[in-house]
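Read the structure below first, then the notes.
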C-alpha cells in the first residue's frame, strides 16, 4: 500500500456528511466510485494505491477544498484469498 497526502483541517469542527456517493460497474470485476462530502478540511489531497494482495485492490484520490471533499476510487470487487 502507498499513501501520499496532506490536509489542513479546522480543529474546532468534526463535520463529515455525505452529499452524494455513486458507484458504477466498469467490467465484471472492476468498479468506479465517486463521492462528494462536507468535511472540516480546508485544503488537502490524498492518493492511495492498494496492492493486489488486499481486498478490493485499486487506487483512489481525493481533493479537499474549503469544507468539501471529492473522492474518486477505482477498485476490484473481488476479495483476496490466501490459500
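Scanning region 59-83 for residues that are closer than 15 Å to residue 32 by Cβ and either modelled with pLDDT of 85 or more or part of a strand (DSSP E or B) (or both) yields 59, 60, 61, 62, 70, 71, 72, 73, 74, 75, 76.
I'd like the full set of residues that are more than 28 Å from residue 77 (Cβ to Cβ) and part of a strand (DSSP E or B), limited to region 1-37. First the steps, then the outcome.
Of region 1-37, the ones more than 28 Å from residue 77 (Cβ to Cβ) are 6-15.
Correct list: 6, 7, 8, 9.
Count of region 38-61 residues, restricted to those that are in contact (Cβ under 8 Å) with a residue 40 or more places away in the chain and within 12 Å of the chain's Cα centre (by Cα), is 6. Note on region 17-37: residues that are over 17 Å from residue 59 (Cβ atoms), more than 14 Å from the chain's Cα centre (by Cα) and surrounded by 11 or more Cβ atoms within 10 Å (Cβ to Cβ) amount to 1. Restricting region 46-58 to residues that are surrounded by 15 or more Cβ atoms within 10 Å (Cβ to Cβ) and within 20 Å of residue 7 (Cβ to Cβ) leaves a set whose member that is modelled with the highest pLDDT is 46.
The values are calculated or read from the model by the stated rules, or taken from the named source; none is laboratory data. If you're wondering where the values come from, they're calculated on a predicted model, not measured in any experiment. Heads up, the Cβs are rebuilt from the backbone with ideal geometry, glycines too, and the neighbour counts pull from every protein chain shown.
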